[in-house]
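One structure is given here, and the rest of the page talks about it.
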Amino acid sequence: MAVVVSRRTSRINPFPCGVAVVGPRRYDAATMIKRPKIAIIGAGGNVGAAVAQWAVQKELGDLVLIDIKVDPAKGRALDLTQCGPWEGFNNTSFVASDKPEAMAGADVIVMTAGVPRKPGQTREELIGINAGIVKGICQDIKKHAPDAVLIVVSNPLDAMVFVAKQVTGFPRERVIGSAGVLDSARFRTYLAMAAGVSVEDVHAIVLGAHTDKDMVPITSNATIGNVPVGKFLSPEKLSEVVENTKNGGATLTKLIGTSAWLAPGAGTCLMVEAVVRNQGRVLPCSIELNGEFGVKGAFLGVPVKLSAKGAEAVYEFELSAQEKEAFGKALAANTELMNIARGILNG
Ligand SMILES: NC(=O)c1ccc[n+]([C@@H]2O[C@H](COP(=O)([O-])OP(=O)(O)OC[C@H]3O[C@@H](n4cnc5c(N)ncnc54)[C@H](O)[C@@H]3O)[C@@H](O)[C@H]2O)c1
């Protein structure tokens, strides 16, 4: 039988500059199984806070919100805690801190630290700032949470996964980028809007790079209710959907004035959930390719099986000639960004 155990005293201010916002934590009385520890870095910001919100709603574990600016991290933790009375968050504990030690022993780390793009900017333009930020944090991750599964969100995404893998030295299955989940959600949404059907019945995936130019929405195997998407949409309409998907982030950045966070947070949290609940979800994630799709050593979005081990498997399937060509362009773009990132790492 499960019991509720308050760990209040042990969770208050465990770190010098951190403020713990606490709630009772639930343990299995028989096994005393530890709740997953999920550290979100950059959690004072929009995407990190959105990941935290979805994680709390799904009761995925205990959350550590880390940010170089500690007050926004504390604020996000307190704000979320105050949802508890209505949303029943009575068994999640939060720690807010600016200290890297706060991530110690985390099972999953979500990296959302870094600057977002402004209207008119590309994600690639962020590399000069974000590569340095991600590098510094990954040195801390290697030291404090060497067994964690690391989910990178910071942009330019595929290059930041490369930086994270280089710096931590973690095996490829434990360094995964979140972008395909978001881009595929946008693709499915635009398909559903164009076809006038429920998004729940739309199955479609986006592979390749997380850039406006080089993401690869896959139309060749997209279906709506198991019926090929071509039965619903003309080639012209499909091309329009593909363009809308590729410009999905830029469209929102222009509308909001900064990059979006709700759907990015939801998609990233889906990945966290797949890991902490050992679900074996098959989701598009950015990972170092080891011969899959004919690519070795570059980082691109492909279908991945996510479980407690991280990316347990990578799956390949046949692309159309046009999609192969687009995937090749994504590879070239990633190689170029990796070379810039390599320069920053060595600098
Ligand atoms: N992969 C995706 O699908 C996707 C989607 C949206 C945004 N993003 C990217 O995610 C990142 C965050 O976006 P956002 O909108 O939340 O930005 P934001 O500015 O709201 O938040 C970023 C946070 O990172 C913190 N930070 C900066 N340097 C840090 C450090 N060294 N240690 C700890 N924290 C640090 C900042 O203080 C800030 O609170 C950006 O790079 C953005 O481009 C990726």
Original post:
Given Lys213/Lys296; Lys165/Lys309; Lys165/Lys329; Lys58/Lys324, which pairs have Cα atoms separated by over 27 Å?
Top reply: Lys58/Lys324
Original post:
Hey, which aspartates and glutamates would be in cross-link range of Lys34, C-alpha to C-alpha under 18 Å, not counting anything within fewer than 8 residues on its own chain?
Top reply: Glu59, Asp62, Asp107, Asp147, Glu273
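What is the antiparallel percent of DSSP beta bridges lying wholly in region 137-276, to the nearest 5? Let's see the in-between values first.
On the way: 8 of 11 bridges.
Counting DSSP beta bridges with both partners in region 137-276, the antiparallel share is about 75 percent.
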Subject >> Glu318 accessible area, assembled protein chains, probe 1.4 Å, Å² >> reply: 140
Subject >> Ile224 accessible area, 1.4 Å probe, all protein chains in place, Å² to nearest 10 >> reply: 10
Original post:
In degrees between 0 and 90, to the nearest 10, how far off the longest principal axis of the chain does helix 46-57 point, with axes built from Cα atoms?
Top reply: 70
Original post:
Taking the Cα atoms only, what angle lies between the long axis of helix 127-144 and the longest principal axis of the chain, rounded to 10 degrees?
Top reply: 40
Original post:
Could you name the aspartates and glutamates in cross-link range of Lys135, using Cα to Cα under 16 Å and dropping any fewer than eight places away on the same chain?
Top reply: Asp67, Asp158
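For Ser198, Ser286, write out the residues from largest to smallest accessible area, computed with a 1.4 angstrom probe and no ligands counted.
These residues rank, largest area first, as Ser198, Ser286.
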**OP:** Treating cross-link reach as a plain straight distance, find the lysines whose alpha-carbon is under 17 Å from the alpha-carbon of Lys237, omitting any fewer than eight places away in the same chain.
**Re:** Lys246
**OP:** Please work out the C-alpha center-to-center distance from region 42-89 to region 202-238 and express it in whole Å.
**Re:** 34
Subject >> Residues listed by number, region 278-315, amide nitrogen under 13 Å from His203 label point at 7 Å toward C-beta >> reply: 282-283
**OP:** Return a whole-number percent for the relative contact order of the chain, with Cα pairs under 8 Å and 6 or more residues apart as the contact set.
**Re:** 16
Original post:
In the chain, what % of DSSP beta bridges are antiparallel (nearest 5)?
Top reply: 60
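For Glu336 and Ile68 in one chain, what is 0.36 nm times their gap in residues minus the Cα-Cα distance, to one decimal in nm?
Values: separation 268, 0.36 × 268 = 96.48 nm, distance 2.95 nm.
Between Glu336 and Ile68, full extension yields an extra 93.5 nm.
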Original post:
In whole percent, what relative contact order does region 65-112 give with Cα contacts below 8 Å and a gap of six or more residues?
Top reply: 47
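By accessible area of protein heavy atoms, probe 1.4 Å, what ranking do Asp67, Asp98 get, highest first?
Order by accessible area, largest first: Asp98, Asp67.
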Original post:
In the chain, what percent of the accessible surface is made up of carbon and sulfur (1.4 Å probe, ligands and nucleic acids excluded)?
Top reply: 54
Original post:
Are there trypsin sites (Lys or Arg not before Pro) in region 66-150 that DSSP puts in a loop and that have at most 13 other Cβ atoms within 10 Å, and which ones?
Top reply: Lys69
**OP:** Let me have the relative contact order for region 179-237, percent, based on Cα pairs under 8 Å that are six or more residues apart.
**Re:** 29
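The values are calculated or read from the model by the stated rules, or taken from the named source; none is laboratory data. None of these values were measured; they are calculated from a predicted model. With ideal geometry, Cβ positions are generated from the backbone for all residues, glycine too; neighbour counts draw on all protein chains shown. Each accessible area value is taken on the protein alone, full model and side chains, heavy atoms only, with ligands, DNA and RNA left out. Shrake-Rupley method; radii C 1.70, N 1.55, O 1.52, S 1.80 Å.
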